[in-house]
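Written out below as structure tokens is the structure these notes cover.
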Amino acid sequence: MTHSLHRQGPEESLKKDFVVLAMGTGAGAMAAQKARLSRRFPGLYKAGKAVYRLLRGLKKGRGVHQKQARKGPVIRGAVVLDSREALRDYLKMLKEADTGRPVVVSGLVDEVDGCLREIGLKPHTVQFSLGVFGKTERLPAEDVLQMTTMCGHDMVAPKLVEKWAEDVRRGKMPKEKAVENMARLCRCGIFNRARALEILDRQ
Amino acid sequence: MRIDEEKCTGCRLCIPYCCGGAIAEVEGRNKCAVDQDLCVECYVCRWSGCCPQDAFEETELEWPRSVRHTFSAVKAAFSDTRMDGRGTKEMKTNDITGRFRLGEVGFTVDVGRPGVGTTFADVEKIAMAVAEAGEGIEGGVSFVEDNPTTRLMKDGKSGKFRDDVRGERILSCILEFKIEEEGLMKVIRALRAVAEEVDTVFSVGCISRCREDGTVPVRAMLDEAGVFYRPNGKVNVGLGRPLSPY
């Protein structure tokens, strides 16, 4: 679902960019997971058909953003958070919910580690990005990559980012509209709108 | 994907939407067309609604062209793994699966990413290079079976791909494999070398199961070898149950 490992940008900018992904589980663990979730959240599964629902009426399938995430933990799907504090609070909520789902956080590794330890958790497995190899001269400019890599599946084309950024600079399009346009193309919903606005502000 | 010439007015609004750079104006005709060699069948042009005339039409994708869609669209499921095209669970479920254990290093190589695209011919070059790097290490390089890219290989060891898919162009795919820790630098050196031989880019991820105290063995090894890694990464926080005993 997500290639959120390779999000690019300076550390200051990445301090406002955390993606929390609650995973589905493989077939082998499915029965045990289902039983556990049914005990924890009665009504989550209806008439024997597995219906993945997010708590308190949130819809499935798209990334959930900070304001909504305060309502409750997501059982399956992605949440985009804009600060370390929000991450810590959300992870605490997930820990207490004890859904049994694997949870992965993309973001500054040391910040994530610090949050986990503050709430009595520790990393289980870590993945580092060693960067981009090969014909890097074919890549677009760094500020464009900061935008395009926020869509895990590369659905936001570099030329489009360049065009909309130019439209914003010329006053032909509000920056909020440009960011919404980009976010709409990211079907997993992990495009960080708040960070994108800041990137446009810096250009 | 193709453009219905009858409907196209040549407005060119669609051109920057194309992830593969496959849409261009047809010279002198005031129409746009899709270059079928460059098109990765991601369907962004169609579902984005960028065409005011709704001129984009999906074409029937037969094998092997169908792998373009599987490895480029977001919600296309790969029949063997039943996961969305490029998707793989790699370390994301490691607390349940134990796929990567202490003493091992996992790698993900996103070929074509970010945003350049690739063919399986280049994917094969990279896969064969890392397979060769694993020679002499106990167990060698082991490509993860539950991964759509591995399923297109002739076998899980040599890194060779099926002849019929080699020429297909896709947005990206993920080579996923693991090796004993002692092979870490051999693989990284092989990736650096093959980077000179491919006509694309690839993004490399390096996976390590943490020790009991939460420290990351591979981090010290990368530091000692002076290998660059970004400050941001992915962390499995260990909330999956049942917890892997590994």
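Derivation of every value follows stated rules applied to the coordinates shown; laboratory data play no part. Since this is a predicted model, take the numbers as computed values, not measurements. As a convention, Cβ positions derive from the backbone with ideal geometry for all residues, glycine included, and neighbour counts pool all protein chains shown.
Given +1 at the Cβ of Lys and Arg, -1 at the Cβ of Asp and Glu and no other charges, the dipole of region A:136-202 around its Cα centre is 240 debye to the nearest 20.
Sorting the segments A:109-121, B:197-209 by their residues' average number of neighbouring beta-carbon atoms within 10 angstrom, most packed first, yields B:197-209, A:109-121.
Using the Cβ-Cβ distance between B:E5 and B:R192 with R0 set to 45 Å, the FRET efficiency from 1/(1 + (r/R0)^6) comes to roughly 0.45. Each of A:L145, A:L130, A:G114 was placed along the dipole of region A:108-150 (beta-carbon charges, centred on the mean Cα), and the one lying farthest toward the positive end is A:L130. Once the C-beta distance of B:D213 and A:E11 is scaled by a Förster radius of 30 Å, the resulting FRET efficiency is 0.75 to the nearest 0.05.
Inter-chain neighbour count for B:197-203: the average number of beta-carbon atoms from partner chains within 10 Å of each residue's beta-carbon is 5.
Relative to one another, the C-alpha centroids of region B:179-246 and region B:103-166 are positioned 16 Å apart. Exceedance of the 32 Å cut-off in Cα-Cα distance is limited, within the set A:K177/B:K89; A:K163/B:K125; A:K159/B:K160; A:K135/B:K154; A:K122/A:K159, to A:K177/B:K89; A:K163/B:K125; A:K159/B:K160; A:K122/A:K159. Peptides B:223-236, A:188-201, ordered by how many other C-beta atoms sit within 10 Å of their residues on average, highest first, read A:188-201, B:223-236. How crowded by other chains is B:41-48, given as the mean number of beta carbons from other chains within 10 Å of each beta carbon? Averaged over the peptide's residues, the number is 3. Shown here is the pair-distance distribution of region B:87-225: with all Cα-Cα distances grouped in 10 Å bins from zero up to the longest one, the shares run 12, 44, 34, 9, 1 percent.
Think of each Lys and Arg Cβ as +1 and each Asp and Glu Cβ as -1; about the Cα centre, that makes the dipole of region B:87-225 roughly 300 debye. Across peptide B:108-120, the average count of Cβ atoms from other chains found within 10 Å of a residue's Cβ is 5.
Where only DSSP H runs of four or more residues are counted, chain B gives -5000 deg cm²/dmol as its mean residue ellipticity at 222 nm, each run worth -39500 (n - 2.57).
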